[in-house]
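Read the figures in this text as sums done on the coordinates, not as results from a lab. Because the structure is a prediction, the values reported are computed rather than measured. Cβ: placed from backbone, ideal geometry, glycine included. Neighbour counts: every protein chain shown.
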Amino acid sequence: MIDKITIAIDGFSSTGKSTIAKALAKQLGYIYVDTGAMYRAVTLFAMNYGLVSSHNFDWKALENRLSSITLTFKFNPDLGFAEMFLNGDNVEKEIRTLEVSQLVSKVSAISSVRRKLVLVQQEMGKYKGIVMDGRDIGTVVFPDAEIKLFMTASADTRAQRRYKELIAKGDVVSYEEILQNVVERDHLDSTRKDSPLIKADDAIEIDNSDLGLKEQFDKIYALIKKK
Ligand code: DC
């Protein structure tokens, strides 16, 4: 039997990390974990309790309530991936709005939030056979991952992708506000004190501005086969 490995995929927002991670997990029969969904769910919780908005952030109150947050993933066979549940409610749709995207970087900069989520993520990956995507997977969550990828693409390419996704879902958004959100999140996620988004020394960088999904998949799958 081939030993299972850990695949860590980090990178900027909307670089197609989850698309490639899902495809790899399916091909390998591995579990896929979207850690961004977990930070988004904590953000939604904070929004629902009025703890965070564009003009305020009561991070101490959020810290005090962290123990009342339970995050679980449940596999949806129709979709082919696991959906995010916050305290028993399916929040998969709610966590993908632009409003959540605009607040999530504030919430994910809080160390106590990160500590809680990193522990859950490490528990999920303790038997390997996992593809996990996020910002600190190869640096903090699984520094010993056998395969580490760092995905990049131009801000314009990423904003176009995100804009098309949201419009397809019926959200009313402008391209300009999406681009602004992408650029702002890049900045906040890469400059925060705790676990900033940086490329691990041993990560392979993939710029997919001009790469299709099949080309990316073949390139990465060849790397995995070598391992
Ligand atoms: O992958 P995403 O765009 O859904 O992630 C949303 C935000 O969550 C991202 O802007 C930063 C934060 N995040 C993080 O800080 N660490 C992770 N491992 C994953 C996401």
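Which whole DSSP H helices in the chain pass both tests: a Cα extent of 15 Å or more along the axis and a mean Kyte-Doolittle value no lower than -0.5? Before the final figure, lay out each step's value.
Numbers: long enough: 17-28 (16 Å, 0.07); 35-48 (20 Å, 0.64); 111-124 (20 Å, -0.21); 155-168 (20 Å, -1.16); 175-191 (24 Å, -0.85); 213-226 (20 Å, -0.44).
Helices meeting the span and hydropathy rule in the chain are 17-28, 35-48, 111-124, 213-226.
Where the convex hull is taken over the Cα atoms of the range 105-175, what is its projected area averaged over directions, in nm²? Don't skip to the end; give the middle numbers.
Numbers: hull surface 26.4 nm².
Its Cα hull, projected and averaged over all orientations, spans 6.6 nm².
What is the antiparallel percent of DSSP beta bridges lying wholly in the chain, to the nearest 5? Walk me through the numbers before you get to the answer.
Values: 9 of 27 bridges.
Close to 35 percent.
Over all distinct alpha-carbon pairs, what is the Kirkwood Rh of the range 98-227 in angstrom?
Numbers: mean 1/r = 0.0608 Å⁻¹.
Result for the range 98-227, one decimal place: 16.4 Å.
So how much slack lies between residue 90 and residue 3, counting 0.36 nm per residue of separation and subtracting their Cα-Cα distance, in nm? Let's see the in-between values first.
Working: separation 87, 0.36 × 87 = 31.32 nm, distance 3.34 nm.
Extending this stretch completely gives an extra 28.0 nm.
Whole Å is fine, so just give me how far the alpha carbon centre of the range 202-224 lies from that of the range 122-199.
16 Å
What nm value, rounded to one decimal, do you get for the distance between residue 165 and residue 58 when each label is placed 7 Å out toward the C-beta?
Between residue 165 and residue 58, the simple spin-label model gives 3.1 nm.
Let me understand the range 1-129 better: what is its radius of gyration from the alpha carbons, and its Dmax, in angstrom?
Expressed in Å, the Cα Rg and Dmax of the range 1-129 come to 15.3, 54.
Quick one: putting +1 on the C-beta of Lys and Arg, -1 on the C-beta of Asp and Glu, what dipole do you get for the chain around its Cα centre, in Debye to the nearest 20? Can you show the working numbers first?
Numbers: 32 positive and 32 negative charges, 100 e Å.
That gives a dipole near 480 debye.
Considering the chain as a Gaussian network with a 10 Å cut-off on Cα pairs, which listed residue, 17, 128, 60, attains the greatest mean-square fluctuation?
Top of the fluctuation ranking is 60.
Please list, in order along the range 51-58, the HN-Hα scalar couplings obtained from phi with the Karplus expression 6.51 cos²θ - 1.76 cosθ + 1.60 (θ = phi - 60°), rounded to whole Hz, x for Gly and Pro.
Whole-Hz 3J(HN,Hα) from phi for the range 51-58: 8, 9, 7, 5, 10, 9, 8, 8.
Long-range amide H contacts for residue 151: which residues qualify at under 5 Å (H placed 1.01 Å from N, peptide plane, sequence gap of 5 or more or a different chain)?
Distant-sequence amide H within range of residue 151: 10, 11, 12, 206.
Just from its helices, what would the mean residue ellipticity at 222 nm be for the chain, if runs of 4 or more DSSP H residues each count -39500 (n - 2.57) and the sum is divided by every residue, rounded to the nearest 500 deg cm²/dmol?
On the way: 8 runs with 102 residues, N = 227.
Mean residue ellipticity, 222 nm, calculated: -14000 deg cm²/dmol.
With label points built 7 Å along Cα→Cβ from the Cα atoms of residue 49 and residue 210, find their separation and express it in nm.
Going by the 7 Å Cα→Cβ label model, 4.9 nm.
Assuming a ≥ b ≥ c are the square roots of the Cα gyration tensor eigenvalues, decide whether the range 54-109 counts as rounded (a/c under 1.5), prolate (otherwise, with a/b larger than b/c) or oblate. Write out the running numbers ahead of the final one.
On the way: a/c = 3.22, a/b = 1.61, b/c = 2.00.
Here the range 54-109 falls in the oblate category.
Given 4/126; 4/74; 164/199, which pairs have Cα atoms separated by over 19 Å? Intermediate values should be presented prior to the final figure.
Details: 4/126 11 Å; 4/74 22 Å; 164/199 27 Å.
Flagged as over cut-off: 4/74; 164/199.
Using only Cα atoms, figure out Rg for the range 146-187 and give it as a multiple of 2.2 N^0.38 Å. Numbers along the way, then the final one.
Details: Rg = 12.2 Å, N = 42, 2.2 N^0.38 = 9.1 Å.
Dividing the Cα radius of gyration by 2.2 N^0.38 Å gives 1.34.
May I ask for the longest run of the chain untouched by chymotrypsin sites (Phe, Trp or Tyr not before Pro) that are loop-located per DSSP and have at most 15 neighbouring C-beta atoms (other than their own) within 10 Å? Write out the running numbers ahead of the final one.
On the way: sites that count: 49, 127.
Within the chain, the longest run free of exposed chymotrypsin sites (Phe, Trp or Tyr not before Pro) spans 128-227.
When the gyration tensor of the range 169-227 is built from Cα positions, what are the square roots of 5 times its three eigenvalues, in whole Å, from largest to smallest?
Details: eigenvalues 158, 86, 15 Å².
The answer is 28, 21, 9 Å, longest axis first.
Put a dot 7 Å past each Cα toward the Cβ at residue 191 and residue 75; how far apart are the dots in nm?
Between residue 75 and residue 191, the simple spin-label model gives 4.2 nm.
So how do 186, 202 line up by other beta-carbon neighbours within 10 Å, fewest first?
Values: 186 18, 202 12.
Ranked by crowding around the Cβ, least crowded first: 202, 186.
Note down the Stokes-Einstein diffusion coefficient of the chain in µm²/s, whole number, using a Kirkwood radius over alpha carbon pairs, 10 °C, and 1.306 mPa s. Could the numbers behind the result be given before it?
Numbers: Rh = 18.0 Å.
It diffuses with D of about 88 µm²/s by this estimate.
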